[in-house]
Amino acid sequence: MLIVKALHISLVVAWFAGLFYLPRIFVNLAMVPDDSPAERERLLLMAGKLFKFMTPLGLLAVLLGLWLWLGFGFRGGWLHAKTALVALLLGYNWHCGRVLKSFQANRNTRSHVWFRIYNELPVLVLFTVVFLVVLKPF
Ligand code: HEM
């Protein structure tokens with residue numbers, strides 16, 4: 001069980017590297033002036049590679065979490081609340097893919113300010129999930 005949990009936490013950390021950095025690239029993409037196609041292409045290349053890297057890591061982190069839950073008999077309200085928040089994170093990861101597509105098609109209409117706020121959501125979820133799983137308050 002400890003090996004599964006160690007892998008779970010490691011993959012969660014790797015996933016969050018992407019969940020934190022990809023929206024930051026969106027902030028920069030939303031600020032690129034129209035006369036800088038080279039900068040835009042460089043940021044799009046980084047964003048595309050990061051999205052392809054983080055998505056399977058997130059799915060593996062969740063699969064290992066489900067293995068911990070269903071394979072080792074964990075139970076409690078904290079786990080249901082945690083899983084609901086993780087579903088939100090998976091939705092966020094999916095939405096990042098849609099945002100990336102809108103930038104690739106040069107159809108983004110959102111401002112860099114919007115993306116700065118958007119960038120904070122994974123931070124809030126991370127703190128809440130970690131407190132839930134460590135303290136198990138209910
Ligand atoms: C559906 C997805 C997930 C499920 C079912 C799940 C389930 C679990 C379970 C059953 C444990 C063992 C708890 C214990 O040993 O006391 C665990 C540990 C942990 N999980 Fe998850 N997890 C999921 C996703 C995540 C995510 C996305 C994060 C981070 C935001 C996360 C962070 C942690 C941490 C930090 C631990 C170690 C807690 C400790 O050792 O006290 N998990 N998870």
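The values are calculated or read from the model by the stated rules, or taken from the named source; none is laboratory data. Model, not experiment: these values are computed from the prediction. Counting neighbours? That spans all protein chains shown, and the Cβs are built from the backbone with ideal geometry, glycine included. Surface accessibility is based on the protein's heavy atoms, side chains included, excluding ligands, DNA and RNA. Shrake-Rupley method; radii C 1.70, N 1.55, O 1.52, S 1.80 Å.
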Find all pairs meeting these conditions: Cβ atoms under 7 angstrom apart; at least six residues apart or on different chains; first residue within segment 126-137 and closer than 17 Å to Gly58 by Cα and of a type outside the set (S, T, N, Q); second residue open to solvent by 90 Å² or more (accessible area, probe 1.4 Å) and within 9 Å of the ligand (Cβ to nearest atom). none
Listed by first then second residue, the pairs whose first member lies in segment 3-26 and is farther than 19 Å from Val123 by Cβ, whose partner is near the ligand (Cβ under 9 Å from one of its atoms) and open to solvent by less than 70 Å² (accessible area, probe 1.4 Å), with beta carbons under 7 Å and at least 6 positions apart or on separate chains, are Val4/Leu64; Val4/Leu68; Lys5/Leu68; Leu7/Leu64; His8/Ala61; His8/Leu64; His8/Gly65; His8/Leu68
Can you tell me which residues in segment 9-33 are surrounded by fewer than 16 Cβ atoms within 10 Å (Cβ to Cβ) and of a type in the set (S, T, N, Q)? Ser10
Can Leu50 be described as within 23 Å of Arg40 (Cβ to Cβ) and among the aliphatic types (A, V, I, L, M)? yes
In this structure, does Val27 turn out to be within 16 Å of the ligand (Cβ to nearest atom), hydrophobic (A, V, I, L, M, F, W, C) and under 23 Å from Ala14 (Cβ atoms)? no
Would you check if there is a residue in segment 68-78 being touching a residue at least 60 places away in the same chain (Cβ under 8 Å) and either within 13 Å of the chain's Cα centre (by Cα) or not in a helix (DSSP H, G or I) (or both)? yes
Check whether at least one residue in segment 49-70 is loosely packed, with under 14 Cβ neighbours inside 10 Å, within 16 Å of the ligand (Cβ to nearest atom) and modelled with pLDDT under 95, and report yes or no. yes
Condition (residue is over 17 Å from Leu50 (Cβ atoms), small (Gly, Ala, Ser) and surrounded by fewer than 13 Cβ atoms within 10 Å (Cβ to Cβ)) applied to segment 91-98: is it met by at least one residue? yes
